[in-house]
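What follows is one structure encoded as structure tokens, with my remarks underneath.
The values are calculated or read from the model by the stated rules, or taken from the named source; none is laboratory data. Because the structure is a prediction, the values reported are computed rather than measured. Reconstructed Cβ throughout: ideal geometry from the backbone, glycine too, with neighbour counts over all protein chains shown.
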Amino acid sequence: MMKIGFSKDIHPLVEGRPFILGGITIDFDKGPFGHSDGDCLLHAISESILGAMALGDLGKFFPDDHPKYKDYDSALILKEVYDFVKGKGYELSNLDCMVSLEKPKLRPYVDTMRKRIADIIEVDISKISIKATTFEGLGIVGEGKAIICEAICLIENELIFL
């Protein structure tokens, strides 16, 4: 059985926050604001996996008003979500992500983020795709005020009939 999940997440970019994306820290003068560490990409990935299982959104499991999740490592969120799904017999077939961000340019970091995500959920890096685009100066993303991350995943459960 195959299931598809999609998610989109947006975070404002603010000064004084580390820029954490895809489980790595990138040197930049702003970072994504959030109750957790603000890793917009890992949030979108986690929520796409939840969506594939029809389990609801990320806030249902990791509420942004709960003190436990203040500055929480989003890698732990992704690991917990994926471990739950894996416990139900599903495995990731592929993950495709799009990051919309004016600056910094992400090309130098994409393969490191892919490896980090693959390591978190213990899958082959060939199953992880990350692309980046700009908004060509348009809107809040183009003005450097926000980051948008989108993720779509395919998970599979191989049923064995006897």
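Selection within the stretch 98-118: residues that are in a strand (DSSP E or B) and without any contact (Cβ under 8 Å) to a residue 60 or more places away in the chain. The member of this set that is surrounded by the fewest Cβ atoms within 10 Å (Cβ to Cβ) is MET98. Quick check: is even one residue across the stretch 64-85 farther than 18 Å from ILE117 by Cα, at pLDDT 95 or above and more than 15 Å from the chain's Cα centre (by Cα)? Within the stretch 64-85, not a single residue is farther than 18 Å from ILE117 by Cα, at pLDDT 95 or above and more than 15 Å from the chain's Cα centre (by Cα). Out of GLY38, GLY31, one residue alone is closer than 22 Å to GLY139 by Cα, under 14 Å from the mean Cα position of the chain (by Cα) and without any contact (Cβ under 8 Å) to a residue 40 or more places away in the chain. It is GLY38.
Is it the case that some residue within the stretch 71-90 is in contact with a Ser or Thr (Cβ under 6 Å, 6 or more places away or on another chain), within 21 Å of GLY5 (Cβ to Cβ) and either hydroxyl-bearing (Ser, Thr, Tyr) or in a loop (DSSP other than H, G, I, E, B) (or both)?
Looking through the stretch 71-90, at least one residue is in contact with a Ser or Thr (Cβ under 6 Å, 6 or more places away or on another chain), within 21 Å of GLY5 (Cβ to Cβ) and either hydroxyl-bearing (Ser, Thr, Tyr) or in a loop (DSSP other than H, G, I, E, B) (or both).
Of the candidates ASP9, ASP65, the single residue that is more than 23 Å from GLU122 (Cα to Cα), part of a strand (DSSP E or B) and of a type in the set (D, E, K, R) is ASP9. Figure legend. Inter-residue proximity from the stretch 55-68: first residues more than 17 Å from LEU41 (Cβ to Cβ), second residues of a type in the set (A, V, I, L, M, F, W, C) and assigned to a helix (DSSP H, G or I), beta-carbon distance below 7 Å, spacing 6+ or different chains. Indicated pairs: GLY56/LEU50.
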